[in-house]
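Undergrad: This is the structure, below, for whatever I ask next.
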Amino acid sequence: MKWSNLTFFSKSLIVLLIAGGVGSAVYFLSPGLRVDESKKLDKLALNDQDVNNLSSSAELPLPQIDQPGNVTGKSTVRIAGYAWNAQSGIIVANGGAKTSKGSLMEQNGVKLEIIRQDWLSELRNLQMKFVDEFDKGNSFPAEGAAAIMIMGDGVPFYISAAQQALDDKYGKGKYQLQAIGAIGLSYGEDKLIGPPSWKMNPQSMKGALVSAVIGDGDWVTAVNYAFANGLKVNPDPSTYDADAVNFLASANDDYIESAKELIKSQQEGWTIPLKEVKDGKLTGKTINKKVDGCATWTPGDKMVFDKLAGFTDVVSTREFNNQMATTLIFLRQWAENNKELIGKILRSSYTASNQMKQYDSWRKKASETTAKTFGIETPDYWYNMFKGQKGEKNGVSYNMGGSRVFNLADANQYYGISDGTNRYKAVYDQVSKYLKELNPAGFNQNVKRIVPFEEAVSVAYLKDIKDIDAGDSYTTDYSQKATNVVASGEWRINFDVSRATVRPEAADVLEQIYNLLIQAEDSKLELVGHTDNSGTQESNYALSSARAESVKNYLVKRGIPVSRFQKTDGKGQDEPIADNNTASGKAQNRRVVITILK
């Protein structure tokens, strides 16, 4: 790709990487030198209640798409976001890209413009333009976007990187970006696409190259699946590790390019030259690697399944159903000056979403406004993709689409306002751990710190909304037996010698397990303990069962319902995975296996 074709964000990132990497050319080309080593990490999250609240309220009049709303004299608020179906609630609340006659935004006195932008770097540029104008004294800047809408699991990367840029330009702490609420949820739309073997045998993903927008939500889906199944992830997109899952950074930070790169590689034999790495060291060899899969969402998934045979959705946000909420990010200083206005935007969106949950007329209108706003596909396409679609090619079945919108009860539940379980905090904290441990694209060298959840997220705007029909509480039914394995991973949890008492240093691992279970809350669980061969066979059966029960008890105390645990068992020393004649082998054999089922 030519330098002139790169985005500002991409150029800036390249410059930072070059400036920060003294001697990087020698480092990259010389065999035997250390590089970022592929890692196994703890996995992302599932939970006890499915966020999908229902409500009964009167059907409201529909907006008139092609007629401007009566918002004369109101200042325009611009919000930019991807072409993403989970945004359809706010779009239909506005009657399209601009506030229309009869829309809920018009009724609330809001003049809103929704801008489609599929490049993450350009979304950031729009928000930075807004900050620049605001800094010049413009209370309602005519340039840029007051807010962006992105995947909630991409927020730690986005806010932390953007905060570094704000601090560098305006001085530390003068301006901050802040997530102020979620308005929808991906429910299958975002996915890892690959051959069926990855789904049947996750270990077959070793050595695969996956195209993704690194650091963004779909990358998290793929990383989550790898770690949930005990696979290592190569954090360096310039190298190739045959014992890990590898990632290619999609062109232009664009999820559509993720799909196109997989198609191009499979159809045309296009390859990527990567420096081979083994055990964290460069070997001096270059591997020309085809792209084996991609992480993308609609319409990227349909593009792949239309063009290629032998591919399926390996895992998606249907399994990790709390992972990816449509999240609004505002400049905090502007938002605080316009708290009432933001409240009206949220109320309009939640009211429209509540109508979509109940009335097909509103779902059809949402699809119509979505098609017009995005400028791609037809209303029928977005209507069908919102519900999710199934397909089959050459005997391989696959799923496409799948989204939800949030009413106020959903938002309150998602952030733990109504039930005390902050699902989004579990997502944010776990992705922050991924960024710290994996260091994607030199993240830790370019960004001084990951903005903590308490600074990055405010629920004050949600708590102020009290005058609309919120919806009723929703509880998941765990009475049915689950048989479909989503993931199965082994956890190293430190216990006291020959006892089931969890040692203090295991607290971090247990917290990561809890985060995992927050993320896919409509799943069921099986826990199986294992020991080394110390002691008698019978005593090890009892010990391994007791250790599995200890993990279960911890999770129950944290709020995971007992009804989610389908089985808790112990296999003692019967199923070793390493040599019991060595200390390291014994340590590997002392483990608890957690299986997630749907």
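Undergrad: Could you count how many residues in region 181-209 are more than 28 Å from Ala456 (Cα to Cα), out of contact with any Cys (no Cβ under 6 Å at 6 or more places or on another chain) and not small (Gly, Ala, Ser)?
TA: 11
Undergrad: Among (1) touching a residue at least 60 places away in the same chain (Cβ under 8 Å); (2) under 20 Å from the mean Cα position of the chain (by Cα), where does Lys387 come up short?
TA: Tallying (1) touching a residue at least 60 places away in the same chain (Cβ under 8 Å); (2) under 20 Å from the mean Cα position of the chain (by Cα), Lys387 fails exactly one: (1).
Undergrad: Counting only residues that are in a loop (DSSP other than H, G, I, E, B) and small (Gly, Ala, Ser), which one in region 230-267 is surrounded by the most Cβ atoms within 10 Å (Cβ to Cβ)?
TA: Result: Ser250.
Undergrad: Hey, could you check region 528-559 for residues that are in contact with a Phe, Trp or Tyr (Cβ under 7 Å, 6 or more places away or on another chain) and within 19 Å of Ala228 (Cβ to Cβ) and say which is modelled with the lowest pLDDT?
TA: Taking the candidates together, the pick is Arg558.
Each row is one residue, and each column tells you yes or no for (1) part of a helix (DSSP H, G or I); (2) surrounded by fewer than 20 Cβ atoms within 10 Å (Cβ to Cβ); (3) at pLDDT below 95; (4) of a type in the set (Phe, Trp, Tyr).
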| site | (1), (2), (3), (4) |
| --- | --- |
| Pro61 | no, yes, yes, no |
| Thr72 | no, yes, yes, no |
| Gly89 | yes, no, no, no |
| Val92 | yes, no, no, no |
| Gly96 | no, no, no, no |
| Glu113 | no, yes, no, no |
| Lys129 | yes, yes, no, no |
| Glu133 | yes, yes, no, no |
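Undergrad: Kindly indicate the residue of region 370-383 that is out of contact with any strand residue (DSSP E or B) (no Cβ under 9 Å at 6 or more places or on another chain) and outside any loop (DSSP other than H, G, I, E, B) and also surrounded by the fewest Cβ atoms within 10 Å (Cβ to Cβ) among those meeting that condition.
TA: Asp380
Let's see how each residue does on (1) farther than 20 Å from Asp254 by Cα; (2) touching a strand residue (DSSP E or B) at 6+ places or on another chain (Cβ under 6 Å):
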{"residue": "Lys278", "(1), (2)": "yes, no"}
{"residue": "Lys289", "(1), (2)": "yes, yes"}
{"residue": "Ala295", "(1), (2)": "no, yes"}
{"residue": "Ala309", "(1), (2)": "yes, yes"}
{"residue": "Thr317", "(1), (2)": "no, yes"}
{"residue": "Ala325", "(1), (2)": "no, yes"}
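Undergrad: Of all helices (runs of 4 or more DSSP H) completely enclosed by region 391-490, which ones contain at least 3 residues that are in contact (Cβ under 8 Å) with a residue 24 or more places away in the chain and not acidic (Asp, Glu)?
TA: Of the helices (runs of 4 or more DSSP H) lying wholly inside region 391-490, those with at least 3 residues that are in contact (Cβ under 8 Å) with a residue 24 or more places away in the chain and not acidic (Asp, Glu) span 408-414, 423-438, 443-446, 460-463.
Undergrad: Determine whether Arg347 is farther than 30 Å from Val245 by Cα, free of Cβ contacts under 8 Å to residues at least 24 places away in the same chain, surrounded by fewer than 24 Cβ atoms within 10 Å (Cβ to Cβ) and of a type in the set (D, E, K, R).
TA: no
Undergrad: I've got another one for you. Which of (1) farther than 25 Å from Ile376 by Cβ; (2) at pLDDT below 95 is the odd one out, the single condition Ser121 does not satisfy?
TA: Tallying (1) farther than 25 Å from Ile376 by Cβ; (2) at pLDDT below 95, Ser121 fails exactly one: (1).
For (1) under 21 Å from Tyr255 (Cα atoms); (2) among the charged types (D, E, K, R), each residue gets a yes or a no:
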| residue | (1), (2) |
| --- | --- |
| Thr298 | yes, no |
| Met303 | yes, no |
| Tyr359 | no, no |
| Phe374 | yes, no |
| Pro379 | no, no |
| Glu392 | no, yes |
| Gly402 | yes, no |
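Undergrad: Separate question: Only residues that are part of a helix (DSSP H, G or I) and of a type in the set (Asp, Glu): list them for region 289-335, please.
TA: Matches in region 289-335: Asp301, Asp306.
Undergrad: So in region 141-183, with the set limited to residues that are more than 14 Å from the chain's Cα centre (by Cα) and in a strand (DSSP E or B), which one is farthest from Asn224 (Cα to Cα)?
TA: Going through the qualifying residues, I end up with Ala147.
Undergrad: Picking from Lys290, Lys365, which residue would you name as being surrounded by fewer than 22 Cβ atoms within 10 Å (Cβ to Cβ) and in contact (Cβ under 8 Å) with a residue 40 or more places away in the chain?
TA: Lys290
Undergrad: So, one more: If I go through region 270-287 residue by residue, how many of them are without any contact (Cβ under 8 Å) to a residue 24 or more places away in the chain and of a type in the set (Gly, Ala, Ser)?
TA: Counting residues in region 270-287 that are without any contact (Cβ under 8 Å) to a residue 24 or more places away in the chain and of a type in the set (Gly, Ala, Ser) gives 0.
Undergrad: Those residues that are closer than 19 Å to Lys232 by Cα and either crowded, with 17+ Cβ neighbours inside 10 Å or of a type in the set (Phe, Trp, Tyr) (or both), I need them from region 407-438; list them, please.
TA: Residues satisfying the conditions are Gln430, Val431, Ser432, Lys433, Tyr434, Leu435, Leu438.
The values are calculated or read from the model by the stated rules, or taken from the named source; none is laboratory data. Treat the numbers as computed from the prediction; the structure is a model and nothing was measured. Every residue, glycine as well, gets a Cβ built from its backbone with ideal geometry; the counts of neighbours run over all protein chains shown.
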